[in-house]
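Right, one structure below, let's go through it.
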Amino acid sequence: MNNNVYINTAQNVTIDYNLADIGKRVLAKILDNLFIGIYFIILYAIFIAILVNNESLFRNFFDSVSDEVAVSITVLIIFILMAPPFFYSLYFPYFMQGRTPGKAIMKIKIVNLDGSEAGFGTYFVRWLLNIIDFDMPFVGAIVGLVVMASNSKRQRIADLVAKTVVISTQQKIKIDQTVLSQLSEDYQPKFGQVLQLSDKDVRIISQSLSRARNSMDYSMTGVIRKKIEDVIHEYRPEMSDIEYIETVLKDYQYFSQE
């Protein structure tokens, strides 16, 4: 199966990401379950320690309140203690930019199909559907694995509905796809606002230019140039599209190394 997924970015160019291996996704899930298990072990140890040392205090407190209050307090405590593992796959991806601790260790992450970072609503949809194709004991895992193995983007049901993919953060980028080039010592930059671009923008621009050259298809260079101009607001009509883009890449390297 192809290890790459081709994504249309916000810059209207196509880049390819390395899809996360199914094995890595399974290992990430195992690690996350291990961390949840450790949480319960620690929680149980703390609970036993507190109960043993304060048994009479707890007994006196619950004897002094009504049954309804005792039940309400018990339910509230259980909810608070269960919230971290229950919402684990919701809050970690949201606060860790598409990663859980297990995914971070395996160097994989969740992204939208367009390559952008997913938002809370997307993670919420994935979380709701986790029980169907990963969290349900045995059956859910089988469903998730079958669905991932049967589609080209290795999406499980939650990914298909939320329109996400899981990719490797260890991207295999060829040297000629990077922005690095040998600049002469007397190089003079022409664009003073290129640092308005992000590292990700520049990487996408460089990859797209390299792909256009390799395929001899320059139809997208004008689009790329327009996107750059919209960000840095610098225009050089005397330059061709390729010359403009190459100069932007060199100037970005020049200023980022200052």
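The values are calculated or read from the model by the stated rules, or taken from the named source; none is laboratory data. Just so we're clear, the structure is a prediction, and the values are computed from it rather than from any experiment. FYI the Cβ positions are ideal-geometry reconstructions off the backbone, even for glycines, and counts take in every protein chain you see.
Is it true that some residue in region 189-196 is of a type outside the set (S, T, N, Q), in contact with a Leu (Cβ under 7 Å, 6 or more places away or on another chain) and closer than 24 Å to Glu117 by Cα? No - not one qualifying residue is present in region 189-196. Hey, Ala70 hits all of (1) within 11 Å of the chain's Cα centre (by Cα); (2) more than 19 Å from Ile157 (Cα to Cα); (3) surrounded by 12 or more Cβ atoms within 10 Å (Cβ to Cβ) but one; which does it fall short on? Exception for Ala70: condition (1). Within region 35-56, residues that are in the same structural domain as Met82 (by TED's automatic domain parsing) and in contact (Cβ under 8 Å) with a residue 12 or more places away in the chain have Cβ atoms under 9 Å from residues that are assigned to a helix (DSSP H, G or I) and of a type in the set (Phe, Trp, Tyr) in these pairs: Phe35/Tyr88; Ile36/Tyr88; Tyr39/Tyr88, counting only partners at least 6 apart in sequence or on another chain. Listed by first and then second residue, the pairs linking a residue in region 225-246 that is closer than 20 Å to Gln207 by Cβ and in a helix (DSSP H, G or I) to a residue that is hydroxyl-bearing (Ser, Thr, Tyr) and modelled with pLDDT under 90, with Cβ atoms under 6 Å apart and 6 or more places separating them unless they lie on different chains, are Asp241/Thr221; Ile242/Thr221. Filtered by the rule that a residue be more than 17 Å from Thr247 (Cα to Cα) and surrounded by 14 or more Cβ atoms within 10 Å (Cβ to Cβ), region 201-219 gives a lone residue, Arg211.
Name the pairs: first residue in region 181-205 and assigned to a loop (DSSP other than H, G, I, E, B), second residue surrounded by 14 or more Cβ atoms within 10 Å (Cβ to Cβ) and of a type in the set (Asp, Glu), Cβ to Cβ under 7 Å, at least 6 apart or on different chains? That search, which allows pairs on different chains as well, returns Pro189/Asp251; Lys190/Asp251; Phe191/Glu234; Phe191/Asp251; Gln193/Glu234.
A search for C-beta distances below 9 Å between a residue of region 111-132 that is more than 14 Å from Gly98 (Cβ to Cβ) and touching a residue at least 24 places away in the same chain (Cβ under 8 Å) and any residue that is in a helix (DSSP H, G or I) and among the hydroxyl-bearing types (Ser, Thr, Tyr), counting only pairs 6+ apart in sequence or on different chains, returns Asn130/Ser89. Taking the numbered list (1) at negative phi; (2) modelled with pLDDT under 80 in turn, Phe138 passes all entries but (1). Taking each residue of region 59-84 that is closer than 17 Å to Ile46 by Cβ and looking for partners that are of a type outside the set (Phe, Trp, Tyr) with beta-carbon atoms closer than 7 Å, six or more apart or interchain, yields Leu81/Leu43. Determine, yes or no, whether Gly102 is touching an Asp or Glu at 6+ places or on another chain (Cβ under 9 Å), surrounded by 15 or more Cβ atoms within 10 Å (Cβ to Cβ), within 30 Å of Met220 (Cα to Cα) and at pLDDT 90 or above. Taking the combined requirement at face value, the residue does not satisfy it.
Per-residue answers, yes or no, for (1) more than 19 Å from Asp21 (Cα to Cα); (2) of a type in the set (D, E, K, R):
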residue	(1), (2)
Pro85	yes, no
Tyr88	yes, no
Tyr94	yes, no
Arg99	no, yes
Ile108	no, no
Leu113	no, no
Thr122	yes, no
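Within region 188-211, is even one residue under 22 Å from the mean Cα position of the chain (by Cα), polar (S, T, N, Q) and modelled with pLDDT under 80? The answer is no; no qualifying residue exists. Filtering Ile7, Ile78, Ile30, Ile38 for residues that are more than 30 Å from Val223 (Cβ to Cβ) and at pLDDT below 90 leaves a single hit, Ile78.
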